[in-house]
Structure formats: C-alpha cells, structure tokens
1. For the stretch 178-200, give me the residue count where each residue is surrounded by fewer than 19 Cβ atoms within 10 Å (Cβ to Cβ) and either farther than 25 Å from residue 101 by Cβ or among the small types (Gly, Ala, Ser) (or both).
2. For the stretch 112-140, enumerate the residues that are surrounded by fewer than 18 Cβ atoms within 10 Å (Cβ to Cβ) and either within 16 Å of residue 173 (Cβ to Cβ) or in contact with a strand residue (DSSP E or B) (Cβ under 8 Å, 6 or more places away or on another chain) (or both).
3. Kindly establish whether residue 85 is buried (at least 16 other Cβ atoms within 10 Å of the Cβ), farther than 25 Å from residue 192 by Cβ, at pLDDT below 50 and assigned by TED's automatic domain parsing to the domain that holds residue 192.
4. If you scan the stretch 92-142, which residues turn out to be within 28 Å of the chain's Cα centre (by Cα) and basic (Lys, Arg)?
5. Which condition from (1) without any contact (Cβ under 8 Å) to a residue 60 or more places away in the chain; (2) over 31 Å from the mean Cα position of the chain (by Cα); (3) crowded, with 16+ Cβ neighbours inside 10 Å is the one that residue 161 breaks?
6. So, residue 128, is that one of a type in the set (S, T, N, Q), touching a residue at least 60 places away in the same chain (Cβ under 8 Å) and either in a helix (DSSP H, G or I) or within 22 Å of residue 106 (Cα to Cα) (or both) or not?
7. Search the stretch 185-200 for residues that are among the small types (Gly, Ala, Ser) and pair each with any residue that is assigned to a strand (DSSP E or B) when their beta-carbon atoms are under 9 Å apart and the residues are at least 6 apart or on different chains.
8. Among the residues in the stretch 132-148, are any under 16 Å from residue 100 (Cα atoms), touching a Phe, Trp or Tyr at 6+ places or on another chain (Cβ under 9 Å) and not in a loop (DSSP other than H, G, I, E, B)?
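The values are calculated or read from the model by the stated rules, or taken from the named source; none is laboratory data. The structure presented is a predicted model; accordingly, all values stated were derived computationally and were not measured. With ideal geometry, Cβ positions are generated from the backbone for all residues, glycine too; neighbour counts draw on all protein chains shown.
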Amino acid sequence: MLQLMNSLKNLFRSKTPVSENKTQDKIRDKTNIQTKDAARILLQTDDMISSLDLMSINASQKVIRADQKNTPKEPLKTPIFQSYNAKTNETAKTMNKDQIDQFILILNQQAEQKSTAHCATYVRKAIQKTIHSNNIGHPRSAKDYAPCLLKLGFNKQEKTTGYVPQKGDIVVFQASSKSNNGHIQVYNGQTWVSDFLQHNKDIYPGPSYREEKIAYEIFRL
C-alpha cells in the first residue's frame, strides 16, 4: 500500500510540470500573436496618417495655386516716353561722364564696316550695356530719341557755328528724304559712329542730310 502511494506521488510530480509548461507555452503563443497583431495595427494606422497628411498637403497646394491664378496682376505704370519698353517697371538708370569711355568702347567694338540702317538699335544697345539696364524707355525711331537721352542724364546743347564735338556727344537727326526714321550718332573722339564708323567730313551722316539741311539736336553729359 505504501509502495502504491509513493508510485502515485511520483507519477503526479512527473506530470505536473508538463501540464504547467504547456499552459505557459499557450500563454506565450497567445501573447506573441496579440503583440504581432498590435504592431500590424500600428503600422496600418501610421500608413493611414501619412496618406491623410499627403492629401492635406496636396489640397493646400491646390488652394494656393488657385489663389495665385485668380489674383489680378496690377498694371505696370510707365511714363509716356517708356511706351515702347513697358515689359518691366524697373526705373531707368542714368549715365555719367565716368562711363563715356566704356560707352565709346562698346560702340566701336560693335560698329559695322558699312550702314545696316539700324543706327538707333546699335546706340541703344551700347547705352544699355554701359549702364547695365535694359529699361531706358527707348523709342522706335532714331529721330525720337531726345526725351530718352534727357532722361538718361544728357543735356541739350546750343548749336553754334563753331561747334566742336566732344567725346560722347550724341546727335539726333530728324527724317530725311532717304530715311523716315532719321538718324542718331555718337562722337568717339575721332569720328562719328552709330551702327558703323561713318568717317563723315562734318556733322552730317550723309549727302541727303547735308543737302537737305536736316534739323538736328546735340546732347552731352
């Protein structure tokens, strides 16, 4: 009888840990599953939040673009003399005497061997390069350059019979029978230059201007 009781005790002791181990394994497995499920839910939540943030950003950008598109642009206010150059509201710069040498250098470098009939274009480009500004309020025709030159800082000179040109002087001629746009030229210290080195014997750029005594104005810094 005693031997039987000892056998039962031994059997009970040997089975109890197995049962407990199985229970603990089940608990751990269930815990692991729950942990994995929780982690998956968190990842899905983060993805949803990121998607919502992206949708919010895109919506904000669309609203900004719509506002910019619907905002009316203010019209540019330009003086009358800038009517041919109203692409920018940049204030026209002025020239000074210290820039004459640079102005003449540019004119001489770009001058052609003979006339291209674009004297105003060549003089304008030289002015723009000298003062580093594209906005000088230039007109289309050479004969209309007087207001532009005055705005740039040039002064109109009185015409005298003994006129001696100075380096940097600009002369604006009215239209002739050969040119409806007139002519503009600059004295480079040796001769007159516009779109080409003129080498004329006097202030007139050609025979038609000389013979017709075309009116002109002289401007000097």
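1. The total comes to 3.
2. Across the stretch 112-140, the qualifying residues are 112, 113, 114, 115, 116, 117, 118, 121, 140.
3. Answer is yes for this residue.
4. 93, 124, 125, 129, 140
5. Only one criterion is unmet by residue 161, namely (3).
6. Here the answer is no, as residue 128 does not meet what is asked.
7. What qualifies is 194/183; 194/184; 194/185; 194/186.
8. No.
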